[in-house]
Amino acid sequence: MLKELIDQFYLENQKNKEQTRFYITDAGKCSRAVFFRFKNAPREPVQARIMRIFEHGENIHRNIFNILYRLRLGVTTEIPIPSQEIISGRADAILCINNENYVLDIKSMNSMIFRNLAQPKEENVYQIQLYMHYFDIKKGILLYIDKDQQEIKEFFVEYDEPLVKSLLDKFYGLKVEIEANKIPARLADYPRNWQCSYCAFKDICKTANGDEISWEDFKKKIEEFSKT
Ligand code: SF4
């Protein structure tokens with residue numbers, strides 16, 4: 001009884017707004033999935049359990065912020081990137097250690113993933129590179145927290161201008177496809193790519209073919225499909 005009420009609370013608080021700008025967390029993500037979010041295409045609802053996991057991650061962030069303030073590291077937390085036309089995002093923190101500024105990005109994960117983490121995840125490197133770019137800070141720290149055991153790993157990241165340029169070029173290219181209503185092709189390793197397993201659009205992605213297709217045509221197809 002109570003479990004159902006709690007789950008219902010989470011499910012009723014889901015907001016599937018139409019996206020109008022890229023998020024920094026879209027860097028390295030499947031272009032087709034990002035396209036579908038911009039068009040507010042039909043998606044699987046996020047399970048209440050997954051929403052509680054996200055919420056737990058946010059609480060871990062807050063605990064770390066609290067420690068950083070107490071360490072007096074010249075901390076500013078949850079800072080939006082300067083306003084510009086294409087991407088929005090919020091860095092976890094900017095710190096000053098030994099007179100050097102760093103962008104900090106915190107990630108939490110379960111013990112199994114944490115134990116096997118020898119390098120920062122590629123998509124996390126992309127995100128912190130973009131934060132460094134927009135804040136004009138040349139160094140970053142990716143801090144990974146084991147949610148189960150509370151162990152910590154850190155990785156230092158140097159600003160990589162060519163990488164940032166390629167990430168921004170990809171965003172501008174996808175913006176053109178979104179405006180032209182062209183659904184990007186599936187990921188080359190669909191459906192084995194890990195993103196496909198967690199993708200909220202996997203049902204509609206399956207009904208489209210793998211190549212680039214027209215959104216207008218595909219929208220009619222999924223509208224007819226939903227009536228049957
Ligand atoms: S199922 Fe895979 S290829 Fe299709 S939209 Fe999702 S992530 Fe992209």
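Things worth noting here:
- Radius 14 Å from Cβ of D217, net charge of other residues (Lys, Arg +1; Asp, Glu -1): 0
- Contact order normalised by residue count of the chain, Cα under 8 Å, 6+ apart, percent: 21 percent
- Global geometry of region 1-57, whether rounded, prolate or oblate, following the gyration tensor of its Cα atoms and the 1.5 cut on a/c: prolate
- Once the chain from E4 to S166 is taken as fully extended at 0.36 nm per residue, the excess over their C-alpha distance is 53.7 nm.
- Antiparallel content of DSSP bridges confined to region 46-170, in %, to 5: 70 percent
- 12 Å beta-carbon shell around A93, net charge (K/R +1, D/E -1): -1
- The dipole here belongs to the chain: it is taken about the Cα centre, uses +1 on the Cβ of Lys and Arg and -1 on the Cβ of Asp and Glu, and is about 380 debye.
- Counted over the chain, the DSSP beta bridges are approximately 65% antiparallel.
- Vicinal HN-Hα couplings computed from phi for region 144-161 (Karplus, 6.51 cos²θ - 1.76 cosθ + 1.60; Hz; Gly/Pro x): 9, 10, 7, 5, 8, 9, 6, 7, 10, 10, 10, 10, 8, 10, 9, 4, 10, 4
- Across region 78-84, coupling constants 3J(HN,Hα) worked out from phi with the 6.51/-1.76/1.60 Karplus curve, θ = phi - 60°, read 6, 9, x, 5, x, 5, 8 Hz, and Gly and Pro carry x.
- Linear extension gain, A180 paired with I53, 0.36 nm per residue minus alpha-carbon span: 42.1 nm
- Prolate/oblate/rounded call for region 163-211, Cα gyration tensor, a/c under 1.5 rounded: oblate
- Per residue convex hull volume, Cα atoms of the chain, in Å³: 156 Å³
- Centroid-to-centroid separation of region 159-196 and region 91-145 [C-alpha atoms, Å]: 22 Å
- Phi-based couplings in Hz for region 31-47 (Karplus 6.51, -1.76, 1.60; Gly and Pro marked x): 4, 5, 5, 5, 4, 4, 5, 4, 8, 6, 5, x, 9, 6, x, 6, 5
- Given 10 as the ceiling on other Cβ atoms within 10 Å, longest exposed-site-free region of the chain for trypsin sites (Lys or Arg not before Pro) in DSSP loops: 73-191
- Three-way shape label, region 66-113, alpha-carbon gyration tensor, a/c 1.5: oblate
- The residues L130, L2, when put in order of fewest to most other Cβ atoms within 10 Å, stand as L2, L130.
- Ordered by the count of other Cβ atoms within 10 Å of each Cβ, fewest first, M132, M109 give M109, M132.
- When H61, H133, H56 are sorted by how many other C-beta atoms sit within 10 angstrom of their C-beta, beginning with the fewest, the order is H56, H61, H133.
Read the figures in this text as sums done on the coordinates, not as results from a lab. Here the structure is a predicted model, which means the values were calculated and not measured. Positions of Cβ are backbone-derived with ideal geometry, glycine not excepted, and every protein chain shown enters the neighbour counts.
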